[in-house]
Structure formats: structure tokens, C-alpha cells
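Derivation of every value follows stated rules applied to the coordinates shown; laboratory data play no part. Owing to the predicted nature of the structure, the values given are computational and were not obtained by experimental measurement. Neighbour counts run over all protein chains shown; Cβ positions are idealised from the backbone, glycine included.
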Amino acid sequence: MRKPILLITTFIISIAMAGCASDEVIRVGTPFNDEGTTGAEFHTDITDSEAITALRRVIETEKKVEKPKDLTREPDVVFTLNRPEESVSEIWRYVWYQDDGSAFLSNEESAVLVERGQDFFALPKEQTNDLKSILEK
């Protein structure tokens with residue numbers, strides 16, 4: 001008697017969880033600078049809850065750093081973590097991958113002209129690899 005009740009309860013919970021849509025989305029894009037006009041062309045939306053949780057874990061490991069001296073090129077990728085229903089971009093990062101496998105991130109695009117309120121962050125190689133695998137899904 002207990003076995004069918006447990007089975008039905010598990011089935012109901014599974015259906016309820018499968019029906020829950022993610023209210024967050026990771027948007028991945030390519031930054032551009034076209035004759036002084038800057039922006040990002042977003043090409044991928046990731047709604048997988050495991051990827052979103054993994055991205056949050058990576059962001060928790062970033063360390064705030066001073067502006068890197070040799071960071072003069074355009075960022076390699078940009079991503080945002082959005083809550084579309086609330087029209088909120090919770091996290092916005094531009095990423096510069098480094099030759100040693102690490103990465104620098106910033107909340108603003110330009111590393112050449114540091115903007116007021118611009119912060120820079122560093123990720124070690126392991127977390128950079130995690131970030132790449134999330135953004136390439």
C-alpha cells in the first residue's frame with residue numbers, strides 16, 4: 001500500500017517540477033565596436049536551470065581586481081543573467097580570455113576608457129573553463 005502512494009507522490013512532484021519554467025535566462029553575445037558605436041549582438045539564450053546555477057557559482061568566485069594594464073583589445077564575449085518577467089539584467093559581464101587560461105571580466109565594455117563605476121574581476125583557469133562550458137551550451 002505504501003509503495004503506490006510513494007510512486008504517485010513522486011510522479012506528481014516530477015510533473016510539477018517539469019512544468020516549472022525557468023524565470024531566468026543567460027544571454028550570450030559578441031561585443032562589437034563599429035566606428036565608435038559599441039554594443040553586443042546576442043545570439044544564444046540559455047534557460048537551463050543547472051547552467052544558471054553553475055554560472056552563479058562561477059560569479060561567486062570572481063575576485064575584484066584593479067584594471068589590468070595590458071587589456072586593450074575588445075572583449076571576447078558578453079553575457080547577461082536576466083529575469084525577463086521583471087525586465088531586469090541581474091548580472092552583466094564582458095569577458096577577456098587570457099593566454100594562460102584565466103579571464104578578466106568587467107561590468108562595462110571598454111577596458112581602454114575606464115568608465116565611472118566600472119569594476120574588473122579575475123577568474124582563475126578552472127573557473128574560466130567552467131564559464132566557457134556554460135556559455136557554449
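For G101, neighbours were defined as the other residues whose beta-carbon sits under 9 Å from its Cβ, and their charges (Lys and Arg +1, Asp and Glu -1) total -2. Computed from the alpha carbon atoms alone, the convex hull of the stretch 22-135 holds 109 Å³ per residue. Rounded to the nearest Hz, the phi-derived 3J(HN,Hα) couplings of the stretch 27-41 under the Karplus curve 6.51 cos²θ - 1.76 cosθ + 1.60 (θ = phi - 60°) are 10, 10, x, 10, x, 9, 9, 10, 6, x, 8, 10, x, 9, 9, where x marks glycine and proline.
Relative to the current alpha-carbon distance between Q118 and S133, full extension at 0.36 nm per residue lengthens the span by 2.8 nm.
What is the calculated FRET efficiency for F32 to Y97, with r their C-beta to C-beta distance and R₀ = 22 Å, to the nearest 0.05? Don't skip to the answer; put the middle values down first.
Numbers: r = 17 Å, r/R0 = 0.77.
Between F32 and Y97 the formula returns 0.85.
Each label point was placed 7 Å from the Cα along the Cα-to-Cβ direction; for K69 and K125 their separation is 2.3 nm. Listed peptides 75-83, 46-54, 29-37 appear in the order 75-83, 46-54, 29-37 once ranked by packing, highest mean of other Cβ atoms within 10 Å at the front. Dipole magnitude for the stretch 22-135: computed about the Cα centre from +1 point charges on Lys and Arg Cβ and -1 point charges on Asp and Glu Cβ, it is near 380 debye.
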